[in-house]
Amino acid sequence: MTTTVGVQPDVTRVIAGKEVPLNKLLSFSVKRDEIPIPEENRMDVTSLLIPLIRGSPRDRFDCETFAQNQKLYADLLKDIEWKWIFDGKKLPKRIEKYVKEKYRVTLSPETLTRVGDLASKNIPTTTEYNFDFSTTMHWRGGDFGDPESCFQNSEGKSFGSVAQMEEDGRFLAVRFYKNFGLSDELESKYGINKSTTNHHIVNDDIYLGNARAWIHTGSTEKAFVFNGYGYQTPLVAEITAQYLARAKKTVEVYSGVCNNYSAYMLTDPSIKNNITSCTIPEGGWRGKANGPQVLQFGDLEEYDPDEDDY
């Protein structure tokens, strides 16, 4: 039996064509080999590869070398699928093939072993995640692994962008929880009461929030995951995509509300999808919560490279 405290009654919502319950604690096991390689690991691997590909020290300070290294770094991140296994091949073998075909550089067995060690370092051993989907998007800063987020503060005050997203009606939070077990001290230690939304109680075990991300349901066929805290956004997007059985790809988003101006788009894998970027039309927000001080996301106007008029 699941007991939810301080949240809305259970209802459902459609995310990328899939109906999901709201405010209900869900448990889902993710395929470990498909978990995205953490950003720190990717940086370690690219730092190893760049001087081998360039044939010069990565930390040279002349402007030309710096620019070339930056482009190479961007290409490595963009062109490689940063999962341990993809299309049945492990990451070191795919990197070996990519570097040889694109740069005509043969990586030694020792280098490939090092690539594997760096890439697999600190990949989560826990593959079961507990989470819910909710239209409640305001809480105390830190309740869901987001103490430094610009969306909430420690008193539970949310800033204009959260009010705008809630009133717009097309945004959700995906919120993650960790099982802390049975402890009477937890309730007082973490200030849990009927008005707080950072926990679930299941069979007397307390599940406390430890991560979150936002989801924009731009239409019934698509959804966009962005701004992960506690867990990196690629991991949140992968968990959400696997749970919904949806395809996932990165798209550019021209909006101040998205960290790094990018999001992960989830779609039905049977539907052709050539969209690479999104933009925000003027007056895209629904509802009254509007104004120049509010970060913008809004209606998504999609760019499809197959179309002539754009």
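Read-outs: derived from the displayed coordinates by stated rules, not from any lab. Please read all numbers here as calculations on a predicted model, not as lab measurements. Cβ placement follows ideal geometry from the backbone for every residue including glycine, while neighbour counts extend to all protein chains displayed.
For the pairs LYS24/LYS222; LYS31/LYS178; LYS78/LYS102; LYS71/LYS272, note any where the Cα-Cα span goes beyond 25 Å.
Pairs exceeding 25 Å: LYS71/LYS272.
For SER219 and LYS97 in one chain, what is 0.36 nm times their gap in residues minus the Cα-Cα distance, to one decimal in nm?
40.1 nm
At q = 0.21 Å⁻¹, what log₁₀ I(q)/I(0) does a Debye calculation on the Cα points of the range 36-120 give, no solvent, two decimals?
The Cα Debye sum returns log10 ratios of -1.00.
Please list the non-local residues whose amide H lies under 5 Å from the amide H of SER277, H modeled 1.01 Å from N, same-chain partners needing a gap of 5 or more.
GLU252, TYR303
Using Cα pairs closer than 8 Å and at least 6 residues apart in sequence, work out the relative contact order for the range 36-120, in percent.
Relative CO of the range 36-120 lands at 40 percent.
Enumerate by residue number the trypsin sites (Lys or Arg not before Pro) in the range 74-111 meeting two conditions: DSSP loop (anything except H, G, I, E, B), and at most 10 other Cβ atoms within 10 Å of the site's Cβ.
Loop-located and lightly packed - ARG104.
Can you sort ILE215, ILE80 so the residue with the fewest Cβ neighbours within 10 Å comes first?
Fewest-to-most Cβ neighbours within 10 Å comes out as ILE80, ILE215.
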